Amino acid sequence: MSKTIIVSNRLPLQIKLENDNSLKITPSVGGLATGMKSVHAEGNGIWVGWSGLTEEETDSFTKKKVNEAVKKEKCVAVSLNEQDVENFYFGFSNKTLWPLFHYFMEYTEFEKDQWESYQEVNQKFADVVLEHIEDGDNVWVHDYQLLLLPKLIKDKKPNTTIGFFLHIPYPSYEIFRTFPWREQLLEGMLGADLLGFHTYDYERHFLSSVKRILRLDVKFNKINYHDRVVTVDSFPMGIDYNKFHDAALTHTNQNPKEKSELQRRLDNHIQSTSNAKMVLSIDRLDYTKGIPNRLRAFEYFLNKYPQFKEKVRLIMLAVPSRSNVPQYQKLKRDTDELVGRINGEFATVSWTPIWYFYRSMPFENLIDLYTSSDIALITPVRDGMNLVAKEYVATRTNEDGVLILSEMAGASKEMNEALLINPNNFEEIADTLKQAIEMPTEEQSKRMKILQKRLKRYTVEKWADEFMKSLNATKIKDTVMVST
Ligand code: ADP
Ligand code: F6P
């Protein structure tokens with residue numbers, strides 16, 4: 001029976017070594033892992049990726065334990081050494097491709113050594129995938145860390161059907177053309193039979209790069225490439241709607257004794273501040289997420305509308321991410337400082353304007369936060385999709401709550417009923433926050449109902465299903481060939 005091999009940089013589980021040499025296994029954070037997890041759980045395929053441990057950390061005994069642990073989850077680990085992690089992961093993936101694709105040109109480094117490591121590590125992934133491919137299998141490669149992988153597999157196994165999905169934005173041609181190894185990267189991606197993006201705009205930008213850099217023949221969304229046709233399409237990623245909605249329902253009917261410590265604190269806050277509004281933001285601590293802008297806009301709001309002092313609180317959960325990269329370290333310092341300054345400036349004996357958590361939280365606590373917040377304030381300066389916006393909507397079981405969302409997030413394309421803002425416009429964010437606080441419940445419900453209906457229909461399962469259907473359709477070659 002043929003299977004689908006999912007490949008991504010990280011596996012859905014991350015392994016760390018404790019002091020006593022035991023393994024600490026935690027779920028991976030981020031849109032890709034949380035989204036694909038439910039798809040993988042149901043299929044008969046395998047998931048190939050990095051476990052989070054380096055070769056230097058693992059002796060043969062630990063390696064065996066790691067392999068057993070990942071096998072239980074239908075996963076296969078790719079082994080990376082410290083140099084790989086430094087140059088491929090922290091280096092080329094997160095100091096070159098990530099900032100470039102998010103329009104942060106000033107953060108983008110073009111280092112030949114790191115590019116070489118990127119090529120080598122993509123080859124390591126290819127070797128593991130090739131070991132596991134059988135005739136008739138599909139391979140579904142994910143994200144910017146593995147842009148060369150489709151070609152590496154196609155060259156060795158031309159009959160394998162390969163899909164690729166990019167979870168981050170694809171930048172405009174004017175940005176992409178600055179990249180020194182642009183031809184190789186595009187050729188790497190074109191090893192796939194189907195290339196998927198979150199939005200039509202990203203798809204359009206990609207096609208434009210292919211036309212202008214490789215001078216290939218592009219007709220509508222098909223590319224004639226050597227003796228093959230590559231299909232390009234947009235597939236906006238959804239969420240596991242029922243998982244979030246049902247967890248929120250269970251949460252609402254929860255016995256008071258079962259409440260988490262965090263929920264008790266949130267309840268106390270609601271009681272002690274006579275129902276002050278709670279505004280929530282959740283992101284990885286990443287410069288693309290617009291965290292300093294959000295904080296400055298909140299400060300601007302408190303100055304412009306002082307009547308809301310003590311009547312509103314921002315709860316900000318920032319999950320540690322890529323903390324070896326200097327820009328992330330700077331962002332951490334800037335965020336700490338801004339939170340400190342705003343709290344210092346506005347706090348009263350009974351009120352702190354910002355509650356800031358810098359940590360990862362278990363799923364139950366995410367649900368505590370989503371369900372207790374009147375408003376979600378999600379303001380990335382650039383974001384491929386943003387699943388947090390969708391998760392917030394899914395947990396609003398009473399059809400109340402307001403979503404304020406940046407128009408720079410891919411999710412904004414499908415969430416017109418949210419209050420859409422430009423994350424660089426503090427005036428607009430402050431006014432929209434006021435609008436959200438004062439929004440009548442009938443209007444909240446009108447907007448929420450439409451948002452929920454759409455999310456319920458286009459879930460992550462449906463997203464994966466549509467992608468796989470399109471991938472299988474590429475096998476019927478006669479119907480997709482375009483004339484030259
Ligand atoms: P990105 O992929 O850039 O991190 P997304 O908003 O698309 O951004 O996805 C973030 C995902 O990570 C969401 O599914 C969210 O539930 C999950 N997540 C965010 N914060 C935490 C946390 N503290 N603990 C566990 N999962 C988290
Ligand atoms: O969704 C974008 C993404 O980079 C994913 O590829 C990744 O799983 C997630 O964000 C978290 O990033 P990292 O794997 O670098 O911690």
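Quick note: the coordinates plus some simple rules give every number you see, no bench work behind them. The structure presented is a predicted model; accordingly, all values stated were derived computationally and were not measured. Positions of Cβ are generated from backbone atoms using ideal geometry, with glycine treated the same way; all protein chains shown enter the neighbour counts.
Given Cα positions, please report Rg to Rh for segment 120-188, the hydrodynamic radius being the Kirkwood one.
That ratio equals 1.00.
In whole angstrom, and with the biggest value first, how far do the Cα coordinates of segment 311-387 range along each principal axis?
38, 28, 23 Å, listed from the longest principal axis down.
Using a Förster distance of 51 Å, how high is the FRET efficiency between LEU249 and LYS211, based on the Cβ-Cβ distance and rounded to 0.05?
Computed FRET efficiency for LEU249 and LYS211 comes out at 0.55.
Going toward the positive end of the dipole of the chain, with +1 on Lys and Arg Cβ and -1 on Asp and Glu Cβ, which of PRO27, ALA347, ILE476 do you reach last?
ILE476
Considering amide H positions built from the backbone, and no H for Pro or chain starts, which residues 5 or more places from THR54, or on another chain, come under 5 Å of its amide H?
none
Report the full-extension gain for the segment GLU73 to ASN398: residue separation times 0.36 nm, less the Cα-Cα distance, to one decimal in nm.
Value of the extension gain: 113.5 nm.
At q = 0.11, 0.13 Å⁻¹, what is the base-10 log of I(q)/I(0) for segment 128-246 according to the Debye formula with one equal point scatterer per Cα and no solvent? Please give it to two decimals.
Calculated log10 I(q)/I(0) at the listed q: -0.38, -0.52.
Could you quote the convex hull projected area for segment 242-286, Cα atoms only and averaged over all directions, in nm²?
So the mean shadow area of the Cα hull is 4.6 nm².
Could you give the nm distance between label points at GLU131 and ASN268, where each point is 7 Å from its Cα heading toward the beta carbon?
With each label placed 7 Å out from Cα toward Cβ, I get 5.2 nm.
Which part of segment 272-293 falls in the paramagnetic zone of VAL349, meaning amide N under 17 Å from the point 7 Å along Cα-to-beta-carbon?
From segment 272-293, the list is 272-274.
Suppose we take every Cα in the chain and form the convex hull; what volume per residue is that in Å³?
Hull volume normalised by residue count: 157 Å³.
Could you give me the ³J(HN,Hα) list for segment 171-177, computed from phi with Karplus coefficients 6.51, -1.76, 1.60 and θ = phi - 60°, whole Hz, x at Gly and Pro?
x, 5, 3, 4, 7, 5, 5
Which of the pairs LYS151/LYS330; LYS332/LYS456; LYS16/LYS332; LYS37/LYS95; LYS37/LYS453 have their Cα atoms more than 32 Å apart in this structure?
Too far apart for the 32 Å limit: LYS151/LYS330; LYS332/LYS456.
Round to the nearest 0.05 the FRET efficiency obtained for GLN123 and ARG333 when R0 = 22 Å and r is the Cβ-Cβ distance.
Efficiency, rounded to the nearest 0.05: 0.05.
Quick one: length gained pulling ASN422 to ASP20 fully straight, 0.36 nm per residue minus the C-alpha distance?
Separation in residues times 0.36 nm, less the Cα-Cα distance, equals 139.8 nm.
Putting +1 on Lys and Arg Cβ atoms and -1 on Asp and Glu Cβ atoms, find which of VAL76, THR62, TYR103 reaches farthest to the positive end of the dipole of segment 43-119.
Farthest towards the positive pole: VAL76.
Points 7 angstrom from Cα along the Cβ direction at GLU443 and GLU82: gap in nanometres?
If labels sit at GLU443 and GLU82, their model points lie 5.8 nm apart.
Treating cross-link reach as a plain straight distance, find the lysines whose alpha-carbon is under 18 Å from the alpha-carbon of LYS211, omitting any fewer than eight places away in the same chain.
List returned: LYS219, LYS222.
Which percentage, to the nearest 5, of the DSSP beta bridges contained in the chain is antiparallel?
That works out to approximately 20 percent antiparallel.
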